[in-house]
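Structure first, commentary second.
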Amino acid sequence: MKVCFITSECFPYVKTGGLADVSGSLPKALSELGTEVKIFLPLYDSADVNEFGIVPVKSLTGIPVRLGTKDVVFNVCKCKHPDTDIDVFFIDCPFYFKRGKIYSDDTDEDERFILFQYAVIMTLQLLKYKPDVIHCNDWQTALIPELLKTNFSWDGLFKKTKTLLTVHNIAYQGRFNKSSILKANLKTDKFFPFGPYEFKGDFNFLKCGIIASDAVNAVSPTYSKEIQTPLFGEGLEGILADKKDFVFGILNGIDDNIWNPKVDKFIFKNYTHRSLQNKIPNKIELLKRFNLKPDEKIPVFGIISRLAVQKGFDLMFPVIDKIMKENIYLIVLGSGEKIYEDFFSAAGKKYTRKSGIQIGYDNEMSHLITAGADFFLMPSKYEPCGLNQMYSLNYGTLPVVRKTGGLADTVIDCFSNPAKGNGISFDNFKSKEFLDAFKRALLIFENKEKMKKILRRGIIKDFSWKHSAGEYIELYSKL
């Protein structure tokens, strides 16, 4: 089976969030299971062409494309994905993609990704490559299913090609002025109230893709159901519910070559489920890094997160003093919205001997926190999939989460289900319930044998991409 994987970001070339991790790992897992995969993404200036051996494709230079009334030219570069035979194609158009940032608030943000999508389709034509499935990801690639059914319907190359659109976060939809329809060389006859192109007066890339694609999937089974409801659907719940027989949920996996305490090069001491005692040196090292008194008998609660409203840290605002009165350490690594950065910075100044706050992102530190903490706090308001709770389970660090999206699919509350529990979860987005979950964590910490048993359930669970990639192959086959 031939699959073209189209994405706006991909690790290790460029990353702003979880989409890059999925785009970097899923194609590898698909390839290992016998699928022929080609990856397409823009060539941003942040991608190091020398480090990754990205070179121009001599036969694919100076390719013209018209965007409405504007003539644009692009080139194509390529390299091999690390440790694979997967071809990675980069759409090179410096005017649009060399701006010092991946996403922007520029007035031509729509043009940037319209160009990208046209360039992908035209590159496939020039390569005479006939994919069985084109796998699109989020709004930046969501017009491809519609373009194939309209402007490229004449080309027999795509006659049997099916399209899958993965929704990683439905809050980001690609909403632009009606003029974007003309930039995409589409007709405006589908732009009318509640029509395929229209959403609250805007042209909505994601809505267009959901309607035009052969199937849609979300990045966890629970999230696929949540986005069909008014609470989580961000206004698109109706069209998703109408298409429910073609909406699926496949849980993301993790790259266990990178996130694995047995081989992790960033942590202080490696360990497995048989040597959980070796978590302790990581805990001691973590506390030392934040100039906190090393004491393995005091529970460490870790947070590694983008600091945004989605992540649910509002729940901590009214109860932070009650939390910090307990005999605990709180370690936070993250950046984002000012209100949350200020909140954690203030907590760090108030509780200097009990907390370590690092505003920003540090890859090495994120690994050490995952290995060195006893508990991982993830009280998300909504969470399409989430990776950090899976990292934590894999590292024998007990996650404390709200029961939503992928968190509901991966974390089993050990109080509600003592036989299978691997963490702590709470149902409603309320500070009181979060505080109760925190106190339950303290109770578990006091029972060392019980906690060890719970941690082992998490660490032996296989969260690698192998299982999820198999589900994607099944879905491709259905299409």
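Bear in mind these aren't lab numbers, they're just calculated from the coordinates by the rules spelled out. All figures in this text were calculated on a predicted structure; none of them were measured in a lab. Here the Cβ is made from the backbone with ideal geometry for all residues, glycine too, and neighbour counts use every protein chain on show.
List of remarks:
- Exposed chymotrypsin sites (Phe, Trp or Tyr not before Pro) absent - longest run of the chain, DSSP non-H/G/I/E/B, at most 15 other C-beta within 10 Å: 1-102
- The label point for Lys243 and the one for Asn260, both projected 7 Å from the Cα toward the Cβ, are 3.6 nm apart.
- Entries in Lys2/Lys128; Lys128/Lys207; Lys38/Lys466; Lys128/Lys466; Lys38/Lys243 that, when Cα-Cα distance is taken, lie over 24 Å: Lys128/Lys207; Lys128/Lys466; Lys38/Lys243
- Counting all C-alpha pairs of the range 234-371, share separated by more than 17 Å (%): 67
- Hydrodynamic radius by Kirkwood, which averages 1/r over all alpha carbon pairs of the chain, in angstrom: 23.6
- Loop-located trypsin sites (Lys or Arg not before Pro) in the range 289-334 whose Cβ has at most 10 other Cβ within 10 Å (DSSP): Lys297, Lys325
- Total charge dipole magnitude, the chain, about the Cα centre, Cβ charges on Lys, Arg, Asp, Glu only, Debye to nearest 20: 1080
- Linear extension gain, Ile284 paired with Lys15, 0.36 nm per residue minus alpha-carbon span: 93.8 nm
- Rounded to 10°, Cα long-axis angle of helix 448-459 versus longest principal axis of the chain: 10
- For q = 0.11, 0.15, 0.20 Å⁻¹, Debye-computed log10 I/I(0) when each Cα of the range 273-463 counts as one equal scatterer: -0.42, -0.83, -1.65
- DSSP beta bridges fully contained in the chain are about 25 percent antiparallel.
- Förster radius 25 Å - calculated FRET efficiency between Glu449 and Lys420, Cβ distance, rounded to 0.05: 0.90
- Shape of the range 222-262, Cα gyration tensor, a/c cut at 1.5: prolate
- Under the simplified labelling scheme, the Arg66-Glu471 pair shows an inter-label distance of 4.5 nm, with each label point 7 Å from Cα along Cα→Cβ.
- Sum of -39500 (n - 2.57) over DSSP H runs of 4+, divided by residues of the chain (222 nm, nearest 500): -10000 deg cm²/dmol
- Nearest 10 degrees, 0 to 90: helix 465-478 Cα axis against the chain principal axis: 30
- Residues of the range 244-282 with amide N under 20 Å of a point placed 7 Å along Cα→Cβ from Thr229: 244-252
- One equal scatterer on each Cα of the range 350-451, no solvent, Debye formula: the resulting log10 I(q)/I(0) at q = 0.21 Å⁻¹ is -1.20.
- Reported to the nearest whole Å, the Cα centre-to-centre distance from the range 372-449 to the range 286-364 is 17.
- Extending 7 Å from Cα along the Cβ direction at Arg306 and again at Phe192 yields two label points whose distance is 3.7 nm.
- Compactness of the range 304-362, expressed as Rg and Dmax over alpha-carbon positions, Å: 10.8, 29
- Once the C-beta distance of Glu337 and Leu479 is scaled by a Förster radius of 41 Å, the resulting FRET efficiency is 0.60 to the nearest 0.05.
- Each of Ile121, Tyr96, Cys77 was placed along the dipole of the range 69-122 (beta-carbon charges, centred on the mean Cα), and the one lying farthest toward the positive end is Cys77.
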